[in-house]
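Engineer: Dropping the structure in here first, questions after.
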Amino acid sequence: MASNDGEIDAEQALQELLEKNAESIETMTLRIVFCNPIGGDPFSAAVVITQENLSALYDYPSQRTNLFKFKHVWDVEKLHKLINIKRRQDSDQDNCPKRIKREHECEAAAFRLLEAYLKDFAYHQKCLEKVLFGSNDVKESAASATMVLNTHLFGPLSDGNCIVDNHIARQEHCTCSCGCGKEIKSGNTGIGVYSTWHGFVDMIVKENLPVTISDMEEPSMDEDTTEDQDEGSEEMKKDTNTLCVHDKQKSVTSRLIAETITNAFAQVNTNDSLADLPIPAFGCAPRQISVYLYDCKNDVLLKKTLPLHLFKRKDSASAVVMIWLYMNFRLFMKRDVTDIKAHSDLSDFQAQFCSSDANIQEFYAKLRSGFTGCAHPDQPSLTSVVRTDEAFGVLIFYSLKDIKEQSWIQFLTN
Ligand SMILES: [Zn+2]
């Protein structure tokens, strides 16, 4: 797959992924047993306990989870078609029917970004490695990791449509942490309303995909988990070593799930065409990337069963293609993956988030993209009430002037 100078052929990488993965397990459902969405906690204080956490780590009754194969999540036929169109275009540049080009222009444009990225993958990989495995300072390394992942992964794969939280990229001309000199785009990455989970995620890709950086890797029991559950049998192995990292892992996972769910509502409330789709969110640790997804209409929470590895030689190209697929979920995901009407058996595996509190529907109907009710600290002129939220660690300014925020303000004063 790799040529002498480290270039990777995108068509071949996608083709191989389709051949190898079609029958393999892609995602699993997560069912929420306890969560604290109401009450105004920042994402960092979210607590989400899923049935799957409990089954893995405690003496808790195991329940079956629903597993989705790759071919059930992704439109494999469309992806094959894309490869074929691309090959025809390459071999017959002048005579390729314009109709086909137009019909699949969005898919083809997305594919061109994958091609360009994989061509330079060896370079990007070096830049990522240099920063992700470089610093020992946790706070410093989280900010550096965000910048390098922006510049050398999510940025190029989204045609630069990727902003870093401007609490992280504070300077006006902030550049990539690897030293390549590329300027970082920053902006307001807030999601949520103050009455529910809320906060600024580390990065927003393509305006709808949150990315969170942490130094926490998922425990390796993940692989055992898949096999055990695939057979639908034995209780998962309880590894006492994993208990040492359990609390931190639990907090990172809770934060990721809270962001995934909150973002899904915000996206669907602003854009009807996303309803019925599980909307992804990424969690990046130095050596792996995990993906959570939530379909708020059907109340189905999914997790990509195995995290992605960018630095394992045999896995790295397929990890990039997978990340690209999730980034382009609107184009390549099957429309009915989590549709309860289409798959009635799924109703046994709903997340039970919407039923976790009687007020959920009402509160979450208010969510929009952007931080409703809270202007960013960089725009103090828009604000007239200021409050310090110590748990959140930043000043939060409440806007009274913006008409769009009035429903929220009303809610605040009630
Ligand atoms: Zn760089």
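The values are calculated or read from the model by the stated rules, or taken from the named source; none is laboratory data. Note that the coordinates shown come from a computational prediction; the quantities given were computed from them, not determined experimentally. When we count neighbours, we look across all protein chains shown, and the Cβ atoms used for this are built from the backbone with ideal geometry, even at glycine.
Engineer: Can you name every one of the helices (runs of 4 or more DSSP H) wholly within region 303-369 that holds 3 or more residues which are among the hydrophobic types (A, V, I, L, M, F, W, C) and surrounded by 20 or more Cβ atoms within 10 Å (Cβ to Cβ)?
Structural biologist: Here the list reads 316-327.
Engineer: Something else: May I ask you to say which residue of SER158, SER135 is over 30 Å from ARG87 (Cα atoms) and either modelled with pLDDT of 95 or more or of a type in the set (Gly, Ala, Ser) (or both)?
Structural biologist: After ruling out the rest, the residue left standing is SER135.
Engineer: State which residue pairs qualify: first residue farther than 12 Å from ALA110 by Cβ and inside region 308-336, second residue part of a helix (DSSP H, G or I) in any location, beta carbons under 6 Å apart, and separation of 6 or more residues or different chains.
Structural biologist: From residues that are farther than 12 Å from ALA110 by Cβ, the pairs are LEU308/ALA319; LEU308/MET322; HIS309/ALA319; LEU310/SER316; LEU310/ALA319; ALA317/ALA13; SER318/LEU17.
So that you can scan it fast, the table gives a plain yes or no per residue for (1) modelled with pLDDT of 95 or more; (2) not in a strand (DSSP E or B):
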residue: GLU52; (1), (2): no, yes
residue: SER55; (1), (2): no, yes
residue: PRO61; (1), (2): no, yes
residue: PHE68; (1), (2): yes, no
residue: LYS71; (1), (2): yes, yes
residue: LEU79; (1), (2): yes, yes
residue: ASN84; (1), (2): no, yes
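Engineer: Could you identify the single residue in GLU183, GLU172 that is in contact with a His (Cβ under 7 Å, 6 or more places away or on another chain) and either among the polar types (S, T, N, Q) or free of Cβ contacts under 8 Å to residues at least 24 places away in the same chain (or both)?
Structural biologist: GLU183
Engineer: Among the residues of region 100-132, write down those that are modelled with pLDDT under 90 and either under 13 Å from SER177 (Cβ atoms) or assigned to a helix (DSSP H, G or I) (or both).
Structural biologist: ILE100, LYS101, ARG102, GLU103, GLU105
Engineer: Follow-up. Looking only at region 170-184, how many residues end up being more than 12 Å from the ligand (Cβ to nearest atom) and touching a helix residue (DSSP H, G or I) at 6+ places or on another chain (Cβ under 9 Å)?
Structural biologist: Residues flagged as more than 12 Å from the ligand (Cβ to nearest atom) and touching a helix residue (DSSP H, G or I) at 6+ places or on another chain (Cβ under 9 Å) within region 170-184 amount to 0.
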